[in-house]
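The values are calculated or read from the model by the stated rules, or taken from the named source; none is laboratory data. Remember, predicted model here, so these are calculated numbers, not experimental data. A quick note on method: Cβ atoms are made from the backbone with ideal geometry, for glycine too, and the neighbour counts reach across all protein chains shown. Accessible surface areas use protein heavy atoms only, side chains included; no ligands, DNA or RNA. Shrake-Rupley method; radii C 1.70, N 1.55, O 1.52, S 1.80 Å.
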Amino acid sequence: MVNKMNVLNVNEGQTTSVQEPEPKMKAKKVNVYYGNNHALKDIDLNINPNEVTALIGPSGCGKSTFLRCLNRMNDTIESCRVEGTILLDNQNINDKKIDVVQLRARIGMVFQKPNPFPKSIYDNIAYGPRIHGIANNRGDLDEIVHSSLKKAGLWKEVHDRLDASGTSLSGGQQQRLCIARTIAIEPEVILMDEPCSALDPIATAIIEELIEDLKSRYAIVIVTHSMQQAARISQKTAFFHLGKLMEHGDTATIFTNPTHEKTKDYITGRYG
Amino acid sequence: MTRSHIVSSFDEDLEELRGKIVEMANLVARQFKDAETALVEKNLKLATAVRENDQMVDQMEQDIEKTAIELIAIRSPLADDLREIISAIKIGNALERIGDYAKNLSKRVAVLNEIDNFEANNSVICQMIEIINLMNKDVIDAYMNKASEKAISVWTRDIVVDNLYDTLFRELLTYMMENPEYITPATHLLFVAKNIERAGDHLTNIAELIYYIVEGVPLEMVRPKGDNSSEANVEFSG
């Protein structure tokens with residue numbers, strides 16, 4: 001027991017010496033119910049800017065539910081009720097005055113299965129800026145499409161066929177197109193729900209490299225079932241189990257010396 | 001007690017790795033025991049056997065390293081599994097060094113044999129070997145049972161070996177001052193003792209690794225040191 005205390009002290013020492021940035025998002029006592037099912041229990045979690053936060057845990061643990069709370073995707077589910085506070089820059093995103101469309105422009109989302117619109121590559125990216133009135137003319141729009149594709153690492157591969165259908169691309173390219181579409185409207189936070197689970201290892205590595213690059217501009221939250229992926233790309237890791245946040249901390253610590261027995265069992269592949 | 005892995009072959013692989021560590025530790029202990037017997041009984045044949053068996057020790061170290069690297073590649077271990085596998089490489093390394101000291105001891109048996117006017121004090125040497133072999137046994141017990149407390153107890157016990165070395169060092173210095181003819185055998189004996197003392201240090205390193213495997217943090221206590229010979233200075237009188 002004495003040693004566990006030492007661990008905590010060491011960690012506290014580290015957090016005081018390395019100044020933590022002001023969190024981009026803060027979840028406080030978040031509870032989610034699907035009808036009578038209590039899906040998330042008292043979740044307190046901060047999302048830092050310019051960092052990747054990985055949410056891990058077994059299926060049904062609530063990590064995707066939590067991710068969907070962060071840009072109010074759960075609004076679309078009739079039986080779903082969200083309690084508690086979720087702040088974006090200290091503003092409650094569940095406030096009645098908040099425009100959900102604007103909110104989702106600030107907090108973009110990339111899904112498990114690449115879901116490009118059945119439109120041209122160009123229009124896939126231009127769609128958001130058009131409806132949000134970000135671009136005033138064709139020149140602006142061209143610039144946004146160009147830079148978004150570049151930031152998503154897709155420009156070289158598609159620059160000569162922007163009129164081709166988004167769905168004609170490979171799975172990995174489609175996912176990068178979706179990421180380009182998300183960043184075209186200059187979000188502040190990007191949520192990713194298992195963005196690589198449908199991709200081969202090379203496409204996965206390209207997306208991971210992209211995430212590493214994107215974190216210099218955005219706060220990123222990613223749900224992943226791959227422990228190695230979480231270890232590779234995230235700075236903070238949060239472990240969910242049966243609707244509770246069991247443990248949250250520096251990724252290196254979580255994967256070398258987790259505090260909670262349940263975390264250890266999960267990441268090492270033991271019966272929990 | 002930690003739970004089993006869902007992939008049961010991972011548990012089997014880890015057991016195999018642990019088995020190799022235990023086997024190597026036992027071999028190293030036997031090497032020291034044999035080297036001691038060779039020294040005390042002036043048995044040159046046994047001394048040669050110890051030197052030859054060191055190849056087996058080296059082979060085992062390589063085998064442990066290979067197994068550990070394969071486990072890392074195949075299982076992508078994390079948390080305590082990762083700590084254990086990385087530490088296995090380092091434990092194998094430490095055991096290999098300890099084996100080298102037994103080999104070195106047995107090399108010196110031949111020279112010590114040739115000198116017959118020197119009644120060597122083997123009892124301190126034997127005592128030191130007995131202690132490090134007991135440390136070896138206990139540290140491996142701690143390893144198998146993931147017992148960090150027991151590892152600490154081995155770690156603190158090294159001071160006894162240090163103290164014995166320090167005592168012998170002073171004693172041998174006195175011999176050498178009495179009679180220059182004793183310088184050669186006494187120096188060899190001093191190296192023998194120093195090697196055993198170093199073996200004890202490596203055993204404490206293994207104890208520290210076991211503590212790290214179990215607790216996830218390095219052992220940060222300061223180990224008591226009993227060997228003051230590095231600061232010793234004996235002045236000739238008159």
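Odds and ends about this structure:
- From B:THR156, B:THR204, B:THR187, B:THR167, residue being without any contact (Cβ under 8 Å) to a residue 24 or more places away in the chain and either more than 19 Å from B:ALA29 (Cβ to Cβ) or in contact with a Lys or Arg (Cβ under 8 Å, 6 or more places away or on another chain) (or both): B:THR187
- Residues satisfying the stated conditions in segment B:77-134, i.e. open to solvent by 50 Å² or more (accessible area, probe 1.4 Å), among the polar types (S, T, N, Q) and part of a loop (DSSP other than H, G, I, E, B): B:ASN117
- Breaking point among (1) more than 14 Å from every other protein chain (Cβ to nearest Cβ); (2) out of contact with any strand residue (DSSP E or B) (no Cβ under 8 Å at 6 or more places or on another chain); (3) in contact (Cβ under 8 Å) with a residue 24 or more places away in the chain; (4) not aromatic (Phe, Trp, Tyr), for A:SER168: (3)
- Each residue in segment A:244-272 was checked for being in a strand (DSSP E or B), facing chain B (nearest Cβ under 9 Å) and not basic (Lys, Arg), and 0 of them qualify.
- Residue list for segment A:29-42, restricted to those being over 22 Å from A:VAL189 (Cα atoms) and either open to solvent by less than 10 Å² (accessible area, probe 1.4 Å) or of a type in the set (Lys, Arg) (or both): A:LYS41
- With respect to the conditions (1) out of contact with any Phe, Trp or Tyr (no Cβ under 7 Å at 6 or more places or on another chain); (2) over 28 Å from A:CYS69 (Cα atoms); (3) open to solvent by 30 Å² or more (accessible area, probe 1.4 Å), A:LYS96 falls short on a single one, namely (2).
- Summed over segment B:135-153, residues that are free of Cβ contacts under 8 Å to residues at least 24 places away in the same chain, within 14 Å of chain A (Cβ to nearest Cβ) and crowded, with 18+ Cβ neighbours inside 10 Å total 0.
- Only residues that are hydrophobic (A, V, I, L, M, F, W, C), within 14 Å of chain B (Cβ to nearest Cβ) and assigned to a helix (DSSP H, G or I) were counted in segment A:199-243, giving 3.
- Test: residue in segment B:191-210 that is farther than 22 Å from B:CYS126 by Cα, within 14 Å of chain A (Cβ to nearest Cβ) and open to solvent by 10 Å² or more (accessible area, probe 1.4 Å): yes
- Search result, residues across segment A:61-81 that are among the polar types (S, T, N, Q), open to solvent by less than 20 Å² (accessible area, probe 1.4 Å) and not in a helix (DSSP H, G or I): A:ASN71
- Within segment A:43-57, considering residues that are under 16 Å from A:ILE254 (Cβ atoms) and not in a strand (DSSP E or B), the one most open to solvent (accessible area, probe 1.4 Å): A:GLU51
- Restricted to segment A:127-196, the set of helices (runs of 4 or more DSSP H) holding at least 2 residues that are out of contact with any helix residue (DSSP H, G or I) (no Cβ under 9 Å at 6 or more places or on another chain) and open to solvent by 30 Å² or more (accessible area, probe 1.4 Å) comprises A:138-151.
- Residue in segment B:37-53 that is within 14 Å of chain A (Cβ to nearest Cβ) and modelled with pLDDT of 95 or more present: no
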